Amino acid sequence: MAVTTLTEDLGYTPNTDGVWSWLTTVDHKRIGIMYGVSALVFFIVGGLEALLIRIQLAGPNGTLLSADAYNQLFTMHGITMIFAAIMPVAAAFQNYMIPLQIGARDVAFPRLNAFSFWLFLFGVLMLMSSFFLGGSPDGAWTGYANLSTQVTEFVRMDYYAIGLQLLGVASIGSSANFIATIFTMRAPGMTMMRMPVFTWMSVVTSFLLILSMPVISVGLWQMFLDRNFGTVFYEAQASGDPLLWQHLFWVFGHPEVYVLVLPAMGIISETLPTFSRKPLFGYAFVVFSGIAIGFLGFGVWAHHMFTAGLSPVAEVGFGIVTMLIAVPTGVKIFNWIGTIWGGKLTLNTSMLFSIGFIAMFIIGGLSGVTHAVIPADTQQHDSYYVVAHFHYVLVGGSAFGFIAGVYYWLPKWTGKMLNETLGKWHFWLMFLGFNLTFGPMHILGLNGMPRRTYRYPEGLGWEFWNGMATIGSFIIGVSMLVFIWNVINTRRKGLPAGNDPWDARTVEWMTTSPPPIHNFDRVPVVRHLDELWHRKYGVDEEGRAVPLPDGYVEEPAFVEEAGGIHMPSPSYYPIIAAFGLVTAGAGLVFWSSGILGVGMLVIGAAIMLWGVVGWAAEPITREAH
Amino acid sequence: MTLGYRLIRPSYGSYVQRPVANAGGRRRRSVSRTLSVVPATVLLAACSSTLPQSSLNPKSAEARQIDDLWILVLVLATIVFVVVEAALVFAIFRFRKRKNDDREPKQIHGNTTLEIVWSIIPALILVAVTVPTVRTVFDLRSPAEGDVVRVNVTGHQWWWEFEYPDIVDDQGRPLTTANELHLPVGRTTELTMTSADVIHSFWVPPLAGKRDLVPGHETFIKITPDADRAGEEIPGQCAEFCWLSHADMRLLVFLQTESDFAAWAAGETQPANIPTDGLAVSGFETFKAICALCHQAVVAEPDGTVTVVGEALAPDLTHFGSRSTLGARVESNTAEHLAQWIDNPSAVKPMAPDLNDLETGRILGMPDYGLDDEEIAELVALLEGWS
Amino acid sequence: MAVATDDVFEEHDFESTADPIHRTRKTAMWIWLGSEVFFFGAMISTFLLYRNTTNDGPGAEIFNVPFTSASSFILLTSSLTMVLADSAFQRRDQRQGRIWLIGTVGLGLTFLAGQIFEFTEFVEQGLTLSTSPFGSAFYMLTGFHGAHVAAGVLMLSLLIAFSLRGRLSPDHGMNVELTALYWHFVDIVWIVIFTVVYLLQI
């Protein structure tokens, strides 16, 4: 297709060099890259935390870590992996891919997007600074009251209460942004039911975040107020109820689990059709089962509380809804198998990770069903069996899915192909290491090993499988080194990708790799689900795909732009506002230290106000066209 | 393989499972030993175990009910797993791209009938699981029947307080002990549980699923140990993260015949004697001056007068010498270990006594009082003598 | 399959191409308000859980319902002035719009003053943050609502400032309609809070 460059029509010529251009960028692609790089760095941090934990537990009575250090490490491992690695890597994909997948030039609110990113980054950095300033949160990522409100002498759980609060604001901001983008900025003809599944799943996760984050926000404020202002929300001695926290936390926490996994499900719903050379089997069912999972996800929170002594009637109700979730989840898995069934599979790295996702998610899903069997769950709850379950969902599921996405889309981001040989080493090492690490944990948990224990005695029969798990965790570590080496190596040696290296199906592959700042020189007019595929292939009498003749395009194929493209100008107000907000948050963390806390709060609030007012007063270059 | 071995050596405390006359040959016992194929072993590992703290080694009516349910769901899940993974693996090998095949695949978009089928089949399987699940939930939560032993359990950071309200001493004080729970076999015990500080969870996997101890709430659990299990010692531990010594908040359950249990209870409701000779005499003075700030003991003067010494903020020490472990089962109860404990408690298990506040009753561990070796020896003599 | 990929291309499919920034922003504001519903919902749930947990301290009997009814009326009136401000700006009548905005700010501040007065009274009668879960939940819920009103007052003040500098048009980062949406939402939340906290307790 003929491509004319419209750069000369850009309302403004972006400066893309130097640190300043990154700090002030409002380009969704650059923000996506920054999310991705941050997520990778934090993933390494979380991984190192995990390795320390595994060394400690390799044998009985481990002495590498003190109980105190261990508690900080496992708490931060959970927080880091969930809030600083998986969620932001999802945000990276969503930022970069959503506008490209729907044929938009940017997200709806580019500056809000930048603000969300900087708030996330500064928020995580503040959380991690706790390692050096007063100690890290040590009350588990679930932060159960009233343990989390018990020791107010340490600021550790204040980092938790305020840090998650800030990350929550960032998530709500970017979610509102994605929804607005998807609802109002799709290319002509791109109906909701012609959207790629990844974008669809992003809609679902955005809604989940929008509706669940405020609930945990209330819980976090209550925790913070209990710790610093003498409220008694969770103080049993003053008739407060610690179980309230569990309800608020899991009303957020369970949807959050789907926030972590639905985007990965979206990704493999893109890769499987591409590498099977067949459309996604049951597109509508995959989409609606995703919506159903999100919807049901709000009705199952108490299945995390089956040992808390709720009424049996309530337990049974929550158990049944939990089982119900298995149905849409199964539908997704069957549709993925249906997609590759009868296809022509290219088993490259991206495809291997996608298939690995299905294979591992089946295990995680089935062990999830066993949690719905309430009496059995009273044995599994808070044991290593649960640890095994959610790692099968979040590593074998989410992480595999996102890695499949990296191998799939990195050529689009960089214009270069990742090395397939290294990729396969990466997959097989990770697959082996993953199963060796987390498979045995099922057995450990059933054999009575509770989670969150910094040591265990000899003689309970836990030594062998713990040793295996530790070996496995180091194999995962090696596989990640292979991955990072592969990514770095690609910068120098990667083969050129071209626009459409996979002979793919969706419109993001119609633009250059990497795409220009305005994404598409000409925005395509969409007539089909898998629009690009339909521009390349028709079907013969048997229903097999056949290439269309060169130059065959239904008209109008592209939107005729009138008056050129206007892209938003860079702005430094988002980073200022985010910095101010995080500074104010740090002030709250140190509230109990008096003047230091108050000072940081006031200064932070002032900086934020400057950022917000400047932001509001700043003219937007973008205009409706 | 880890499944094959049995514990023969008391290595950590004395809870260790002793070889038991295997009356009636309990089911699913030794199968695992004979198989070495890894997947089969893993599956069997999920079915049965001889490990002392394993949920797959049920020794009570309630734990067996749970285990039966687990076996059912495990079998169903395994069938689903095998079928679905087999379909996936078959598809990968059957439909991978072959050389010399230039034909494109048929572009199939879906099949509504299939969608309905694979929605309904899982739903049916789930119904098959739900029905026994619901029944078991209500069963396990129904009130205990018959001649029930009642125990009030209070969780503390990081120890367990057990009170038998129906077993009282001559002055009407209920039997109170710590960290070691004695239960008669063949009879139902109902535990009524709460917490003095943060949330804990009572978990003795061979006897019952876990139940949380929530401050401000009362929770219940039933245990009916199998009649042929008398003489066994079963380890358990706290399963809800409760900070520093969560890993070391363990307990030990002694299953006893009715007569052994009665004998034990009779001994426990006797006061300890105030020593009249030996090292223990000065040990008792130290006890009154220091230990009694938190610990309690019911003691009898030589003339038979019974008094209570100390505060009930930490484990009752009246019959400390009769316990087989100390520090919530972190060590076996020997003079040497007790001396180490008194000398520096936080070195035996991590605690935060610096944060103690006796006024509000917040106790986060036993402080190191800097006693010299002689004082420690005296205290050891006193406490080990209180059996 | 319900969704064939070979759907005939139809004219109405083009509707989504329109990208009025206005519509986009309004969508986002509604989403934000949806989030706020859950925020207040969680706090109202907490309050309902603890509504009778007063630890023998002061409870609902200390509420001065006539007084709070009056301040509620003031807040509701501010929604009316907000509507008038909005419609004035729609007519591009900046001067009139400013006057109504100032009125709205005034009413909002009056409401806040009433809340501060009320809090002081309650503290004097012995209801503090620490008295009971009832006290904690009451102050948190009404306090966070007050903070929302205060944020609204700040936004309105910014609008007035922008208007004075002649920089208030739909193309600028902030616009009257969105602020109005927010302001009405905060008012509606107050009606719910007033009903649940003050009226249901009698």
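Confirm whether A:G139 is under 19 Å from A:W221 (Cβ atoms), in contact (Cβ under 8 Å) with a residue 12 or more places away in the chain, surrounded by 22 or more Cβ atoms within 10 Å (Cβ to Cβ) and not polar (S, T, N, Q).
It is true that A:G139 is under 19 Å from A:W221 (Cβ atoms), in contact (Cβ under 8 Å) with a residue 12 or more places away in the chain, surrounded by 22 or more Cβ atoms within 10 Å (Cβ to Cβ) and not polar (S, T, N, Q).
For the range A:376-394, what are the residues that are without any contact (Cβ under 8 Å) to a residue 60 or more places away in the chain and farther than 20 Å from B:Q237 by Cβ?
Filtering the range A:376-394 down to residues without any contact (Cβ under 8 Å) to a residue 60 or more places away in the chain leaves A:376, A:388-389, A:391-392.
Selection gives A:H389, A:H391, A:Y392.
Yes or no, residue by residue, for (1) part of a helix (DSSP H, G or I); (2) modelled with pLDDT of 95 or more; (3) under 30 Å from B:V75 (Cα atoms); (4) more than 10 Å from chain B (Cβ to nearest Cβ):
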{"position": "A:L366", "(1), (2), (3), (4)": "yes, yes, yes, no"}
{"position": "A:F390", "(1), (2), (3), (4)": "yes, yes, yes, yes"}
{"position": "A:G405", "(1), (2), (3), (4)": "yes, yes, no, yes"}
{"position": "A:K412", "(1), (2), (3), (4)": "yes, yes, no, yes"}
{"position": "A:L418", "(1), (2), (3), (4)": "no, yes, no, yes"}
{"position": "A:M441", "(1), (2), (3), (4)": "yes, yes, yes, yes"}
{"position": "A:M468", "(1), (2), (3), (4)": "yes, yes, yes, no"}
{"position": "A:S479", "(1), (2), (3), (4)": "yes, yes, no, yes"}
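Check every one of the strands (runs of 3 or more DSSP E) wholly within the range B:151-206 and list those with 3 or more residues that are acidic (D, E) and over 29 Å from B:S49 (Cα atoms).
Numbers: elements: B:159-168, B:174-178, B:180-184, B:189-195, B:200-202.
Filter on the range B:151-206 gives B:159-168.
Are any residues in the range A:457-466 facing chain B (nearest Cβ under 7 Å) and crowded, with 21+ Cβ neighbours inside 10 Å, and if so, which ones? Talk me through it step by step, then tell me what you get.
Start the filter on the range A:457-466 by keeping residues that are facing chain B (nearest Cβ under 7 Å), which leaves A:457-461, A:464-465.
Hits for the range A:457-466 are A:P457, A:G459, A:L460, A:G461, A:W465.
Identify, by number, the condition in (1) of a type in the set (V, I, T); (2) buried (at least 24 other Cβ atoms within 10 Å of the Cβ); (3) touching an Asp or Glu at 6+ places or on another chain (Cβ under 9 Å) that A:V124 doesn't meet.
Just one mismatch for A:V124, condition (3).
Specify the residue that is nearest to the other protein chains (Cβ to nearest Cβ); the eligible residues are those in the range B:225-243 that are surrounded by fewer than 24 Cβ atoms within 10 Å (Cβ to Cβ) and not in a helix (DSSP H, G or I). Show your work before the answer.
Filtering the range B:225-243 for residues surrounded by fewer than 24 Cβ atoms within 10 Å (Cβ to Cβ) gives B:226-233.
Going one step further and asking which of them are not in a helix (DSSP H, G or I), we end up with B:226, B:230-233.
Numbers: B:D226: 17, B:A230: 21, B:G231: 18, B:E232: 15, B:E233: 12 Å.
Checking each candidate, the answer is B:E233.
Which ones in the range B:140-161 are of a type in the set (A, V, I, L, M), within 13 Å of chain A (Cβ to nearest Cβ) and closer than 18 Å to B:H182 by Cα? Working first, answer last.
Filtering the range B:140-161 down to residues of a type in the set (A, V, I, L, M) leaves B:140, B:144, B:148-149, B:151, B:153.
So of that shortlist, the ones also within 13 Å of chain A (Cβ to nearest Cβ) come out as B:140, B:153.
Matches in the range B:140-161: B:V153 only.
Just a yes or no: is a residue in the range B:88-99 in a helix (DSSP H, G or I), at the interface with chain A (Cβ under 7 Å from one of its Cβ atoms) and farther than 22 Å from A:S289 by Cα?
Here is the first cut: in the range B:88-99, the residues in a helix (DSSP H, G or I) are B:88-94.
The next check asks that each one be at the interface with chain A (Cβ under 7 Å from one of its Cβ atoms); those that pass are B:88, B:91-92.
If we keep only those that are farther than 22 Å from A:S289 by Cα too, we end up with B:91-92.
Yes, the range B:88-99 contains at least one residue that is in a helix (DSSP H, G or I), at the interface with chain A (Cβ under 7 Å from one of its Cβ atoms) and farther than 22 Å from A:S289 by Cα.
Where residues in the range A:340-352 are farther than 22 Å from A:G282 by Cβ and more than 7 Å from chain B (Cβ to nearest Cβ), which of them is farthest from the chain's Cα centre (by Cα)? So that I can check it myself, show each step before the final result.
First, the residues of the range A:340-352 that are farther than 22 Å from A:G282 by Cβ: A:347-349, A:352.
The next check asks that each one be more than 7 Å from chain B (Cβ to nearest Cβ); those that pass are A:348-349, A:352.
Values: A:N348: 23, A:T349: 21, A:L352: 20 Å.
So the residue we want is A:N348.
Where in the range B:289-387 are there helices (runs of 4 or more DSSP H), lying fully within it, with 1 or more residues that are touching a Ser or Thr at 6+ places or on another chain (Cβ under 8 Å) and not hydrophobic (A, V, I, L, M, F, W, C)? First the steps, then the outcome.
Working: elements: B:335-343, B:345-348, B:373-385.
Filter on the range B:289-387 gives B:373-385.
Going through A:F117, A:F178, A:F93, A:F154 one at a time, which residue ends up being hydrophobic (A, V, I, L, M, F, W, C), under 30 Å from A:T511 (Cα atoms) and within 12 Å of another protein chain (Cβ to nearest Cβ)?
Only one candidate qualifies: A:F178.
Assess whether B:M193 counts as being out of contact with any Ser or Thr (no Cβ under 9 Å at 6 or more places or on another chain) and within 14 Å of chain A (Cβ to nearest Cβ). Talk me through it step by step, then tell me what you get.
Details: out of contact with any Ser or Thr (no Cβ under 9 Å at 6 or more places or on another chain): no; within 14 Å of chain A (Cβ to nearest Cβ): yes.
Criteria not met by B:M193.
Which count do you get for residues in the range C:80-102 that are under 19 Å from C:A151 (Cα atoms), surrounded by 18 or more Cβ atoms within 10 Å (Cβ to Cβ) and not charged (D, E, K, R)? Give the steps one after another, and end with the answer.
Step one: list which residues in the range C:80-102 are under 19 Å from C:A151 (Cα atoms), which gives C:80-83, C:85-86, C:98, C:100-102.
Pick out the ones that are also surrounded by 18 or more Cβ atoms within 10 Å (Cβ to Cβ) and you get C:81-82, C:85-86, C:98, C:100-101.
Okay, now just the ones that are also not charged (D, E, K, R), so C:81-82, C:85, C:100-101.
Residues flagged as under 19 Å from C:A151 (Cα atoms), surrounded by 18 or more Cβ atoms within 10 Å (Cβ to Cβ) and not charged (D, E, K, R) within the range C:80-102 amount to 5.
Every residue in the range C:62-73 that is in contact (Cβ under 8 Å) with a residue 12 or more places away in the chain and over 21 Å from the mean Cα position of the chain (by Cα), please.
Listed by number, the residues that qualify are C:I62, C:F63, C:N64.
It is to be established whether one or more residues within the range A:483-498 are within 14 Å of chain B (Cβ to nearest Cβ) and surrounded by 17 or more Cβ atoms within 10 Å (Cβ to Cβ).
Of the residues in the range A:483-498, the ones within 14 Å of chain B (Cβ to nearest Cβ) are none.
No, there is no match, as no residue in the range A:483-498 is within 14 Å of chain B (Cβ to nearest Cβ) and surrounded by 17 or more Cβ atoms within 10 Å (Cβ to Cβ).
Looking at the range C:30-61 only, could you name the residues that are facing chain A (nearest Cβ under 10 Å), under 23 Å from the mean Cα position of the chain (by Cα) and aromatic (F, W, Y)?
Of everything in the range C:30-61, those that are facing chain A (nearest Cβ under 10 Å), under 23 Å from the mean Cα position of the chain (by Cα) and aromatic (F, W, Y) turn out to be C:W30, C:W32, C:F38, C:F39, C:F40.
Would you mind finding the one in A:G219, A:G240 that is part of a helix (DSSP H, G or I), facing another protein chain (nearest Cβ under 8 Å) and crowded, with 24+ Cβ neighbours inside 10 Å? Steps first, answer last, please.
Details: A:G240 fails: part of a helix (DSSP H, G or I).
A:G219 is the lone residue from the list that is part of a helix (DSSP H, G or I), facing another protein chain (nearest Cβ under 8 Å) and crowded, with 24+ Cβ neighbours inside 10 Å.
Would you check which residues across the range A:551-584 are hydroxyl-bearing (S, T, Y) and on the phi > 0 side of the Ramachandran plot and list them? Give the derivation first.
First pass over the range A:551-584, keeping only residues hydroxyl-bearing (S, T, Y): A:552, A:569, A:571-573, A:583.
Within the range A:551-584, none qualify.
Please identify the pairs in which a residue from the range B:250-262 that is within 15 Å of B:G186 (Cβ to Cβ) and away from chain A (no Cβ under 14 Å) has its Cβ atom under 8 Å from the Cβ atom of a residue that is part of a helix (DSSP H, G or I) and aromatic (F, W, Y), counting only partners at least 6 apart or on another chain.
B:F254/B:W264; B:Q256/B:W264
Please give the number of the condition A:D530 fails out of (1) at positive phi; (2) of a type outside the set (A, V, I, L, M, F, W, C); (3) without any contact (Cβ under 8 Å) to a residue 24 or more places away in the chain; (4) out of contact with any strand residue (DSSP E or B) (no Cβ under 8 Å at 6 or more places or on another chain).
Only one criterion is unmet by A:D530, namely (3).
Of the residues in the range B:325-360, how many are crowded, with 18+ Cβ neighbours inside 10 Å, under 30 Å from B:G172 (Cα atoms) and of a type in the set (S, T, N, Q)?
Residues flagged as crowded, with 18+ Cβ neighbours inside 10 Å, under 30 Å from B:G172 (Cα atoms) and of a type in the set (S, T, N, Q) within the range B:325-360 amount to 2.
Give the residues of the range B:103-151 that are farther than 30 Å from A:H371 by Cβ and either under 21 Å from the mean Cα position of the chain (by Cα) or touching a residue at least 12 places away in the same chain (Cβ under 8 Å) (or both), sorted by residue number. Spell out the reasoning first.
Here is the first cut: in the range B:103-151, the residues farther than 30 Å from A:H371 by Cβ are B:103-113, B:146-150.
Hits for the range B:103-151 are B:G146, B:D147, B:V148, B:V149, B:R150.
I need the full set of residues from the range A:305-332 which are free of Cβ contacts under 8 Å to residues at least 60 places away in the same chain and either more than 7 Å from chain B (Cβ to nearest Cβ) or of a type in the set (S, T, N, Q) (or both), in order please. Talk me through it step by step, then tell me what you get.
First pass over the range A:305-332, keeping only residues free of Cβ contacts under 8 Å to residues at least 60 places away in the same chain: A:309-331.
Scanning the range A:305-332 gives A:L310, A:S311, A:V313, A:A314, A:G317, A:F318, A:V321, A:T322, A:L324, A:I325, A:P328, A:T329.
Considering every residue within the range A:194-209, establish whether at least one is part of a loop (DSSP other than H, G, I, E, B) and at pLDDT 95 or above.
yes
Going residue by residue through the range B:207-214, is there one that turns out to be among the basic types (K, R) and in a strand (DSSP E or B)? Please lay out each step first, then the result.
Keep residues of the range B:207-214 that are among the basic types (K, R), which gives B:210-211.
Filter once more, so that each one left must be in a strand (DSSP E or B): B:211.
There is at least one residue in the range B:207-214 that is among the basic types (K, R) and in a strand (DSSP E or B).
Criterion first (within 30 Å of A:P457 (Cβ to Cβ), part of a helix (DSSP H, G or I), at pLDDT below 95 and of a type outside the set (A, V, I, L, M, F, W, C)) does B:T50 satisfy it?
Numbers: within 30 Å of A:P457 (Cβ to Cβ): yes; part of a helix (DSSP H, G or I): no; at pLDDT below 95: yes; of a type outside the set (A, V, I, L, M, F, W, C): yes.
When the stated conditions are applied, B:T50 does not pass them.
Do any helices (runs of 4 or more DSSP H) lying entirely in the range A:525-625 carry at least 3 residues that are within 14 Å of chain B (Cβ to nearest Cβ), and which ones are they? Full working, then the answer.
On the way: elements: A:531-536, A:573-589, A:595-617.
Here the list reads A:531-536.
The values are calculated or read from the model by the stated rules, or taken from the named source; none is laboratory data. Values in this document were obtained by computation on a predicted structure and should not be read as measured data. Ideal geometry is used to build each Cβ from the backbone, glycine not excepted, and the neighbour counts take in all protein chains shown.
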